[in-house]
1. Out of the total accessible area of the chain (probe 1.4 Å, heavy atoms of protein only), what percent is carbon and sulfur?
2. Along the Cα→Cβ direction, 7 angstrom out, place labels at Arg35 and Ser153. What is the inter-label distance in nm?
3. What's the ranking of 125-136, 376-387 by average number of surrounding C-beta atoms within 10 Å, highest first?
4. Among 146-159, 258-271, 405-418, how do they line up by average Cβ neighbours within 10 Å per residue, starting with the highest?
5. Taking the Cα-to-Cβ direction at Asp107 and at Glu378 and moving 7 Å from each Cα, how far apart do the two end points lie in nm?
6. Quick one: if you stick a label point 7 Å off each Cα along the C-beta vector at Val253 and Lys387, how many nm between them?
7. In debye, nearest 20: dipole of segment 187-380 around its Cα centre with unit charges on the Cβ of K, R (+) and D, E (-)?
8. How high is the FRET efficiency from Lys138 to Lys271, r the C-beta distance, R0 41 Å, rounded to 0.05?
Amino acid sequence: MINWKEEVEKRKASLIEDLQALLQIESTLDHDTAREGAPFGEKINQALVHLLEKGESDGFQSKNVDGYAGHLEFGSGEELVGVLCHIDVVPAGDGWSSDPFAAEIRDGRIYARGAIDDKGPTMAAYYAMKIVQELGLKLNKRVRIIFGTDEESNWQCVKHYFKHEEMPTMGFAPDAAFPIIYAEKGLYDCEWKQKDFTKSVDGDVRLISFDSGRRLNMVPDYAEAVVGGLSGDVVDDYRSFIQENGLNGDAHVAGDQVTFKLEGLSVHGSKPHTGKNAGLFLAAFLSGHSFDPNGDSFIRLVNDYLTADTEGAKLGIRDSDEITGELTMNAGTFVYTANEGGRIGMNLRYPVSHDFERTHKVLTDVGEKYGYELCEIEHLKPHHVPKDHPLIKTLLNVYEEQTGDEGYLISIGGGTYARSLDAGVAFGALFPGDPELAHQKDEYIDIENLLKATAIYAQAIYELAK
Ligand SMILES: [Zn+2]
């Protein structure tokens, strides 16, 4: 019996020291210093090279894959166990209590940008691998820790890496939360863009502009529209509409134009039903009027298919399954100008068993009816490892053994780094109940949790590779 916690404890001082050194490299994306072999800039490259050199001096085989990613490997055998981490960080931002790249220790925590996302978990996984290697345990598989360098932007790192390198037989990514995230919905970001224009005739009420939302993955909290040719009475109607729906906003008249403003409630696009979509409310109000042909098709498309519906029911694409739950739909951006026509951006999160081809056709056909074409912005297919997969069983057992807590499986609407592995789950390093500090000011990792995660990873690597 190996006491994994004790093995970690013996190496505590150097683990903390090595993590601090890694955190002190300001590895944010920097296009200005990007070059061949360092596609994301000098600092990210420095962090990558630093870890690969360290690994090599610790006796691992290292490989730098064109600066996009690198790996350290040991063990022997046909199969490969992979641990996927990333060493790039988002910019520090403002409001920190200490220098975000000093990695200061206060109250048993290491404060730094990247402490929990993802350098702390990366160093935990590295030490885990080092412990298994130093104990000289017999393995039947190879173990490889992969360092990505572009997780916070476009995942070019893993795309490039897996184009050239072997896909692990199974593995985990310590870049989210414990116990195990085993299923992730499919993500489809798209836009309906007006392609057919019809000339207005004199006397039409004109939709001059409509603007709401900046990001597809957020429910818009503000909308504004300018309409020409409506009578002034509309202002009173609008105020009652605002009141009836518990919203804030107002309208004012200038010349023959009315400007409508509406405040909604912004929430994350994976839970659109908990927000109040300002764009959809404003379109709903305006749908009580008829407009010039182009303005009319914009308002009707929004209102007929998106208003008061975050599940795709009006489109006929509503779906849910036992693994990942319901399909959600967030209309995140609305832009209309009289000259350029309309664009409506949507963020769709669909269950793993969903018939996406059909949904794609529905979205295409519906847009078509209103003179809009469907443009894909991003598509990430659903990701899921079956519950009875040996990977899941092993990781659950290890988690329970090391923490004494009950392990369980989590499915989410977002995407984790684990989806770049064929058979991969997200496994830590945030523990249940820990505050989510990734990308926030005063990001930290609790040292006790860092040690606990290291012990979990060490046992997990051993159990998976033995
Ligand atoms: Zn991350």
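The values are calculated or read from the model by the stated rules, or taken from the named source; none is laboratory data. No experiment lies behind these values; they were computed from the predicted model shown. Here Cβ is always computed from backbone atoms with ideal geometry, including for glycine, and neighbour counts include all displayed protein chains. These area figures cover heavy atoms from the full protein model, side chains too; ligands, DNA and RNA do not enter into them. Shrake-Rupley method; radii C 1.70, N 1.55, O 1.52, S 1.80 Å.
1. Result for the chain: 45 percent of the exposed heavy-atom area is carbon or sulfur.
2. It is 1.7 nm.
3. Answer by packing, highest mean first, reads 125-136, 376-387.
4. Taking the mean over residues of other Cβ atoms within 10 Å, the ranking is 146-159, 258-271, 405-418.
5. 3.4 nm
6. In this crude label model, Val253 to Lys387 measures out at 6.2 nm.
7. So the dipole magnitude of segment 187-380 works out to roughly 200 debye.
8. In this case the efficiency is close to 0.30.
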